[in-house]
Amino acid sequence: TINHLRRARGPLVLPGFSVVSVGSGTMSTPSSLAFEPNDVGHNCETVFGAPQGASARCLHHKRKAEHRVRAPMGRRWRKQRKRWKRWKLRARRRFRAAMIRRRRKRERRDRSASMALPKSFLEIEARVHAGTLSLTFVGGVPRGGTTATEKFLFETLGFDGNFNQPGLLAPPSPSFARPPRVEYVWDRLLAKVRVLEAAVTAEVPSPAAPTTVVIKETLNCVASAREAELFLRLGLPTIVVVRNPWLQLESRLACILARVEDGALTQFGVNPETITPATFTIGGDPVFHLDADLAHLDLSLSAAASLWVQHTRYMKAMRDYSSLGPGFVRLSALHPIFEDPMCQHHIWSGYADAHPGVITDDDIRTWVGTRLIDFATLPMSLARALFEWDIGWVGVQRFIDVVSPAGRPIPSAAAPKRAATSPRPQPRLCFVDFHDMCTAPNVLAAEIARQTALTSTPHRIGTYDFDLCSEGPSWEQWYLKSCDWDVLAAATAKTVLRPSQRRPLTPERFPTFLADHFAEMALVYVAAIRRPEYICATAAMAMTATGVPVDPIYAYARAGPRERMALRRDAVEFQAYYDALDAAR
């Protein structure tokens, strides 16, 4: 009753009470008893009819009220503050315990899925430990120069063979217990190794040196900690390639749009010959803003180039992607890798940890296992997580966390050797910026070889050329055509790396929904170039005729305070990017 009275906002009438005497006066027998809370919080005051003298209180609360009158006011507030602090401490402990339980549960799931290692991986591991096989891993952001770096190192350091994008079109896993995606990747790699070993043996009957293979994979395709753990287990020389985030983002947006033009999404009803940019939606979200300027579209040319092709080519020519709407987030999620349940769980759980409250555990349990054909029904928060992973920088950060936990630097080849009792070899890690790779490629190739303990040897297979590892029309739709590698990766073409002459786009030329992602891209980029394993070119940066760097973002990320002030004065259109880089420092 007291609790009810404390929450009361007026008189409460409780029926069923009989005649009561107060003091020396006798009152008539009412059919109900009125309780009215007073204004100081002592809610046992009972008033029967009109009050006679002082209000009637029970003896206990009367003494309590007298005690409160005598006690100083500050003491009560101190007690209340102590109660609040204890409650906050308990809540914080409960939250931490819940996060630890969730992390341990996820780790147990990953460990249980990786207990049965693929037989192909075990065979490759045996070859590596026996010294008959040497693997080098090149990873990085998509559209960040990883394939060009792989091809240049293949030609410069004399690898016997290469393996390009082994996990791009790996089949999705039906469950957590049996992941065929990992088996598919390592089965393909083992088949490639066997072919190269046979070719080397044919050229050199008793080879003294191991068979050398360079493997390249964009880190948005190494889609779980378990997959990165297998590369870590081998202790490979690992080269992580990064690039100016905003140049990479522009190229990535064009690459995603090219999937539609090349017909890779036709199986999901996204046909470039029939869709109209003004009305095209996915899950009710428009791919292009309803108020986008489409005056350049010409219906008379639709026979030669559809309206979709006309608009996407116009955006690439004008370097303006501001017309993209929220439906583009769902469009980018239509990628074969995102149909794998383990990849979905890994991406969404990591996004939930980085953005508390946006994705819940119930959301992950509900939507894990969703097929690509049903992605139009995904909540926008889950589609956004897949989109940011597809851009590439989240995968780089996750790979760094796995290879080098808690930001601890990995020792290079020049560091003292580890003890023989260590359970696994450490990868020899180095970071390079693609701008540096293009500015001084030979210098960086020599430094990469020194830091990762690679040896430059001539090709032992005379007829072997750089292999794209194409798997047919589907692979070419998803990778070859959209990345323009049908010209660059020709067998007769020699890789020539030159610095890009393009300046980054200004913020208003990017979609508005990407503004929140700028800070995360800058954070990963700055963290990569500030690591002790980062290799920087010693050559001077390319400058324009006015003395301003061609790539002001590259210059600003490495400049001192005075140089940064000068760059802010000379390139005011990049203030938002500079602010993101300063915040990442």
| task | Would you point out which residue out of Thr212, Thr274 is hydroxyl-bearing (Ser, Thr, Tyr), over 22 Å from Glu339 (Cβ atoms) and out of contact with any Asp or Glu (no Cβ under 9 Å at 6 or more places or on another chain)? | result | Thr274
| Answer residue from the range 114-140, given it is open to solvent by 10 Å² or more (accessible area, probe 1.4 Å) and hydrophobic (A, V, I, L, M, F, W, C) and is farthest from Gln397 (Cα to Cα) among those | Ala130
| query | Tell me, which residue of the range 240-251 that is out of contact with any Phe, Trp or Tyr (no Cβ under 7 Å at 6 or more places or on another chain) and closer than 21 Å to Phe152 by Cβ is surrounded by the fewest Cβ atoms within 10 Å (Cβ to Cβ)? | reply | Ser251
| remark: Being more than 23 Å from the chain's Cα centre (by Cα) and either modelled with pLDDT under 85 or of a type in the set (Phe, Trp, Tyr) (or both) narrows Ala208, Ala202 down to just Ala208
| task | Output the qualifying pairs, or none if there are none: Cβ atoms under 7 angstrom, residues six or more apart or on different chains, first residue in the range 278-297 and on the phi > 0 side of the Ramachandran plot and touching a residue at least 40 places away in the same chain (Cβ under 8 Å), second residue of a type in the set (S, T, N, Q) and surrounded by fewer than 15 Cβ atoms within 10 Å (Cβ to Cβ). | result | Gly283/Thr377
| query | Regarding Ala376, is this residue surrounded by fewer than 20 Cβ atoms within 10 Å (Cβ to Cβ) and in a helix (DSSP H, G or I)? | reply | yes
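Here's the yes/no breakdown for (1) hydroxyl-bearing (Ser, Thr, Tyr); (2) more than 18 Å from Val329 (Cβ to Cβ); (3) crowded, with 18+ Cβ neighbours inside 10 Å:
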| position | (1), (2), (3) |
| --- | --- |
| Lys216 | no, yes, yes |
| Ala228 | no, yes, yes |
| Thr274 | yes, yes, no |
| Phe288 | no, no, yes |
| Asp291 | no, yes, no |
| Leu299 | no, yes, no |
| request: Output the number of the condition that Arg143 fails; it satisfies all remaining conditions of (1) open to solvent by 10 Å² or more (accessible area, probe 1.4 Å); (2) more than 19 Å from Ala528 (Cα to Cα). | output: (2)
| task | Please report, ordered by residue number, the helices (runs of 4 or more DSSP H) entirely within the range 460-567 with at least 1 residues that are open to solvent by 70 Å² or more (accessible area, probe 1.4 Å), out of contact with any Pro (no Cβ under 6 Å at 6 or more places or on another chain) and modelled with pLDDT of 90 or more. | result | 518-529
| remark: (1) among the aliphatic types (A, V, I, L, M); (2) crowded, with 20+ Cβ neighbours inside 10 Å; (3) not in a strand (DSSP E or B) all hold for Ala278 apart from (2)
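The values are calculated or read from the model by the stated rules, or taken from the named source; none is laboratory data. Model, not experiment: these values are computed from the prediction. Note that we place each Cβ from the backbone using ideal geometry, even for glycine, and neighbour counts take in every protein chain shown. Quick note on the areas: whole protein, heavy atoms, side chains included, nothing else; ligands and nucleic acids left out. Shrake-Rupley method; radii C 1.70, N 1.55, O 1.52, S 1.80 Å.
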